[in-house]
Structures are given as structure tokens and as C-alpha cells.
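Participant: Pasting a structure here, questions to come.
The values are calculated or read from the model by the stated rules, or taken from the named source; none is laboratory data. Everything quoted here is computed from the prediction, not taken from an experiment. Using ideal geometry, Cβ is built from the backbone for each residue, glycine included, and neighbour counts are taken over all protein chains shown. To get the accessible areas, we keep the full protein, side chains included, count just its heavy atoms, and leave off ligands, DNA and RNA. Shrake-Rupley method; radii C 1.70, N 1.55, O 1.52, S 1.80 Å.
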Amino acid sequence: MKPVSIRLRLTLWYFSILAAGLLAFASLVLATLQHAVHRTLDGELREHMTAVHNILREDANGPASALQHDLDEDAELAPDLTLVEIWDGNGRIVYRSPATMGFHVFDRLPQIAEKPMTRFGRHRPLRVLVQNVATPHFAYTVLVAIPVHDFEEAIEQVKTVLEISIPLLLVLAALGGYWTAGRALSPVLSMIAAAEAIHPNDLSARLQVPEARDELQRLALTLNRMLARLQAGFERITRFTADASHELRTPVALLRTRAEVLLRRTRTPEEYEAALKENLQELERTSGLLEELLLLARADSGAETLQFADVALEEIVRAAAADMRAVANEKHLLWSVDLPPERVHVDGDAAALRRMLLVLLDNAGKYTPEGGEVSVKLRVDPAHAVVEIRDTGIGIGEEELTRIFDRFYRTDNARARTTGGAGLGLSIGRWIAEKHGGSIVVESKPDVGSVFRVVLPRK
Ligand code: ADP
């Protein structure tokens, strides 16, 4: 189906409603007019019929001339053009009012019309009342009529005026409506043009916001906010891709250089073995990075789903801490784990929670110098389970605290000291905590240490 513009649709609606309204109005005006005319005429007809009745009964025994005289007198009193005809039982005309003379209402005995009605007498419309009147000696048929020609003509004139003015009014209103709708919708057209000009390569463009505080202004503001979100998302993805490529380029270049150097001349088996071991380490680190990247990409696209179940959090903490113990020993760290004696039930994904804890424990180990202290504590309150990982490491500057959860972000201090991760661990950890309806908060002071707290809702 061909699309119909809102402008045209609005105009058509407007036109139809107005047309229906005006037609109803015109019909009402005409019907009211007609009704008013009939009511007045019918009143007169009835009054006159009563008068004729009375005369016929009063003069029933008198001479015919007296009857004639009384009826003529009565006819004179009646409004102009009130016609009276009286027929006897044999269908002969007995009396005709003077006004009727030149008029000739009906040639034959008219049909009885107990209630006033409109009839055509000699091509002219008449409002007539025809009744039988019985006196002791005679039976009459009395007709009282008023020509309605003039009234009908007046009503016809009103009708003509309405017939001309209504279509004219409708056309003018439709044109006005079309113009108004066009004006009201013109910001939409400019929004369409502006939106079409926005290219994915440059999402910084914004729609012009109409001045009027109406729905279109809201639409423009909403679309602009959506564009801002899209732009931020797009920039994040672009930055992520660039950072990811950069992070991957380094180990690939390293592996390649090592291999090239190794192949320059023949090496002893020990040399080959040492080089291969180095490369293997690098490859393990790179595949870890690739796995982290993949997880984040899947998290972004919503493809990474967690399997929630009733898990014992203290067990997960215990196992993760035990895993890190070897590293801690190697670095001579003072390592302590404090767990509650009871079960701590959490609705969660055991593998994901373990992964999150390993990130935090690994960081605590990595960023704490030899001989430092790392403590892991799990405590509960009625609604939450809190895992606290405290270290006496290099700490994090205040202005960097908000950024450490950003992807690829590493503090200057960390960069200078270790060749640790790529800065993805905490963003993965935060994603996992949030998926569990929890959060990770951090307190830290440079050269004093850090406390990372994972707050999870209890089951
Ligand atoms: P990375 O793999 O580099 O450790 P993370 O995302 O886990 O990446 O951490 C981001 C940055 O936050 C780290 O590079 C480091 O600068 C800082 N950081 C994280 N944990 C600690 C900690 N316990 N002590 C000091 N700095 C930390």
C-alpha cells in the first residue's frame, strides 16, 4: 500500500469530522425551521377549525345566508390566506372562504386529515386540516388550509445558503488544516533530513531541537540523547578494538623476533629448549589475553551467560585463595584467610565467581612487594556476603581509583613495576559482580595498600 503522509491523513480526518459536524448542524437547522413553521401554522389551523365547528353548530338551524355571513366574518378575522372549504354529505361544496375563491384548493371532496399535514393542491403545497363535522341535521366535511409556499421558499433559501456555504467552508478548512499540519510537522521533515545525513563514521552530529516545548522537542532531545549513547558506545568499541590490537601486536612481535634470532644460526638443543620455553610462556600469556578479550566481547553482545545455582561462597573463596598460595609463598607474602564457620549461600555461577576472586587475589599478589601482607576475609550480614581482599601493596592514587575498572587501564605505578596483565581483569571482575546483583568497591592509598570488597546479595 502506498504510504499516506501524516499531513494528508490529519487533513482527511479533520475534513471528515468537520463535514459530518456541518452536515449534522445543517440538518438540525432545517429540521428546526420546518418544525417551528409547522407548529405555528398547525396552531392556527386548529384554532380556525374550532371556530368553524362552532359556527356550523350554532347556525345549524338558521338560514343558509346567516351561516354564509358568519363564516365570511370569521374568515376576515383569520390571518390572510387562511382557506376554508365546507362540503356537504353529498360531496357538494357548501361554502368557500373569499380567499379560496381564486385559489381552488381541491376539486373533489378532500381526504380526511385529522392532524395537520402538508398536501399539494393545484401544484401548491398547503398545510391542511380536514375533519368531519356533524350537526343534528347535516354532516359536513370541513377543510382549513394555509398555503406554505412562502415558508417553504424561505426554508429553501436557507437550504441553498447552507448548500453553498458548507462546501466552501469545508474546502477552506481543509486547505487551512493542510497548511497548519504542514507547519506543525515541518520540524519532523528537517529531523528526517538531519538524521539521514548522520553517518556511522561521525556520530557527533545532533538534530536541531525545535524551540516550542512540545512532543517534537522531546523527540529531538530523546534522539539526541540516543545519538550520544550510540556515539559513546561506538567510541568504546573503536577504542577497545584499537587497544586489543595493540596488546596483541606486542607478544606477536616478540615471538617473531625471538624465532628470527633463533634461526640465524644453528643452536644447541639446550638453547632451542630455552627459547621454546620462553615462547611458550609468552603464548600462554597471549592466549589468556585472547580469552579475556573474547569474554568481554561476548559479555558486550549478551552472548556470555552465567549458570546460576545455589553455591557455597566460602568454599569458592577457600579454593581460590589456596590456588594463589603458591605465588604468595614464592614472594614471601604473609597470607591469611579468614572464613566464617557456617555455609554462605549465594545464588551464583561458581566458575565466574572463582574467576573474579582470582583476578583480585592475583592483583593483590602482583602489586604487593616481597614480604608484604595479603589477607582474605569473608563476612556476612543479613542481606550480603562481603569478600574483602586487603594488601599492603603499591596502592592506587585517588584520581586513578575510578579508572582502574576501565578496560586496558593500568596505573602508572603498575606499569613501571610489573609486566602483569593487560588491564582487563578488573573490568571482567566488575561485570561478574554486577551480573550477580553485586558490586566491587575499592579503597586504596599509594604505598600503603588497597582493600577490594566484593559485595554480593545473599540467598
Ligand atoms: P591487570 O591485569 O593490569 O592487573 P586489572 O584490570 O586487574 O588489570 O587492574 C587494573 C589496574 O588496577 C592494574 O593495572 C593496577 O594498576 C591497578 N590495580 C589493581 N589491583 C591493584 C592492587 N591490589 N594494588 C594496586 N594496584 C592495583
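Participant: Residue by residue through segment 345-404, note down the ones that are among the hydrophobic types (A, V, I, L, M, F, W, C), open to solvent by 20 Å² or more (accessible area, probe 1.4 Å) and away from the ligand (no atom under 12 Å from the Cβ).
Facilitator: Ala350, Ala351, Val380, Ala383
Participant: OK, next. Before we move on, is Val442 within 13 Å of the ligand (Cβ to nearest atom) and over 21 Å from Gly348 (Cβ atoms)?
Facilitator: no
Participant: Restricting attention to segment 1-28, and to residues there that are modelled with pLDDT under 95 and among the β-branched types (Val, Ile, Thr), which single residue is surrounded by the most Cβ atoms within 10 Å (Cβ to Cβ)?
Facilitator: Thr11
Participant: Output the residue which, of all residues in segment 405-459 that are of a type in the set (Phe, Trp, Tyr) and closer than 24 Å to Lys377 by Cβ, is surrounded by the most Cβ atoms within 10 Å (Cβ to Cβ).
Facilitator: The selected residue is Phe452.
Participant: Related question: Are there any pairs with C-beta distances below 6 angstrom linking a residue in segment 54-81 that is open to solvent by 80 Å² or more (accessible area, probe 1.4 Å) to a residue that is modelled with pLDDT under 75, with the two at least 6 apart or on different chains, and if so which?
Facilitator: Listed pairs, sorted by first residue: Leu81/Ala99.
Participant: Can you list residue pairs whose Cβ atoms sit under 6 Å apart, with the first residue in segment 201-223 being more than 9 Å from Pro187 (Cβ to Cβ) and the second being of a type in the set (Phe, Trp, Tyr)? Count only pairs 6 or more apart in sequence or on different chains.
Facilitator: Between residues of segment 201-223 that are more than 9 Å from Pro187 (Cβ to Cβ) and residues that are of a type in the set (Phe, Trp, Tyr), the close pairs are Leu203/Phe234.
Participant: When you scan segment 331-374, how many residues do you find that are assigned to a helix (DSSP H, G or I) and touching a residue at least 60 places away in the same chain (Cβ under 8 Å)?
Facilitator: Initially, segment 331-374 is screened for residues assigned to a helix (DSSP H, G or I), giving 350-366.
Next cut, touching a residue at least 60 places away in the same chain (Cβ under 8 Å) only: 352-353, 355-357, 359-360, 362-364.
Looking only at that region, the number is 10.
Participant: Which is surrounded by 16 or more Cβ atoms within 10 Å (Cβ to Cβ), assigned to a helix (DSSP H, G or I) and at pLDDT 95 or above, of Ala320, Ala328, Ala299?
Facilitator: Numbers: Ala328 fails: at pLDDT 95 or above; Ala299 fails: at pLDDT 95 or above.
When all the criteria are applied, what remains is Ala320.
Participant: Please specify each residue of segment 432-459 satisfying the condition of being among the hydroxyl-bearing types (Ser, Thr, Tyr) and under 38 Å from the mean Cα position of the chain (by Cα).
Facilitator: The answer is Ser439, and nothing else.
Participant: Same structure, new question: When the residues of segment 156-207 are narrowed to those that are outside any helix (DSSP H, G or I) and surrounded by 12 or more Cβ atoms within 10 Å (Cβ to Cβ), which ends up nearest to the chain's Cα centre (by Cα)?
Facilitator: Across segment 156-207, the extreme among qualifying residues is Leu207.
Participant: Answer yes or no: is there a residue in segment 36-49 that is of a type outside the set (Gly, Ala, Ser), under 60 Å from the mean Cα position of the chain (by Cα) and under 30 Å from Arg183 (Cβ atoms). Spell out the reasoning first.
Facilitator: Here is the first cut: in segment 36-49, the ones of a type outside the set (Gly, Ala, Ser) are 37-42, 44-49.
Of the ones still in play, those that are also under 60 Å from the mean Cα position of the chain (by Cα) are 37-42.
Filter once more, so that each one left must be under 30 Å from Arg183 (Cβ atoms): none.
Within segment 36-49, none of the residues are of a type outside the set (Gly, Ala, Ser), under 60 Å from the mean Cα position of the chain (by Cα) and under 30 Å from Arg183 (Cβ atoms).
Participant: Condition check: open to solvent by 90 Å² or more (accessible area, probe 1.4 Å) and over 30 Å from Asp338 (Cα atoms). Does Arg225 satisfy that?
Facilitator: On the way: open to solvent by 90 Å² or more (accessible area, probe 1.4 Å): yes; over 30 Å from Asp338 (Cα atoms): yes.
Taking the combined requirement at face value, the residue satisfies it.
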